[in-house]
Amino acid sequence: MKIPVYVCPRCGWTTVIRWEHCMECRTEMLKRQSSPLGEILSFTTLNFPPEGFETPLSFVLVRLKRGMIVTRAESDSWLKIGGKVELIRKGNLFFAVPSSGWPRFFKKIFG
């Protein structure tokens with residue numbers, strides 16, 4: 001599975017959110033694909049989330065090969081800065097889950 005990303009051909013600004021034009025230079029964005037594998041840059045856990053959400057509710061900032069994404073984590077017990085994750089799709093949402101089967105790929109991309 002690939003993650004859709006939107007890239008500005010002029011300045012390189014990248015997002016996973018669909019934008020018609022770049023937020024930096026207003027150039028028309030191009031749709032590309034990125035690997036679902038990434039690294040946790042930051043995370044937070046809400047122990048008292050809004051009504052209707054399960055507790056704990058965790059969000060992670062994940063660096064992908066192309067761009068970054070803020071998404072939910074399946075659980076919070078394994079979260080750590082620098083942790084390797086894979087994004088899975090459930091409906092229209094992406095969730096971060098621990099990934100252990102791809103260290104060579106990650107080294108190749110991020111050194």
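All of the numbers you see were taken from the coordinates with simple rules; none came from a lab. Predicted model, so just to flag it, every value in this text is computed and none were measured. Glycine also receives a Cβ, built like all others from the backbone with ideal geometry; neighbour counts cover every protein chain displayed.
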* Asked: Stokes-Einstein at 20 °C, 1.002 mPa s, Kirkwood radius from Cα pairs: D for the chain in µm² s⁻¹?
  -> 144
* Structure fact -> Cα-Cα longer than 22 Å, checked against Lys2/Lys80; Lys31/Lys84; Lys31/Lys65, kept in input order, equals Lys2/Lys80; Lys31/Lys84
* Asked: Hey, if you put +1 on the Cβ of every Lys and Arg and -1 on every Asp and Glu Cβ in the chain, which of Gln33, Met68, Ile81 ends up farthest toward the positive end of that dipole?
  -> Gln33
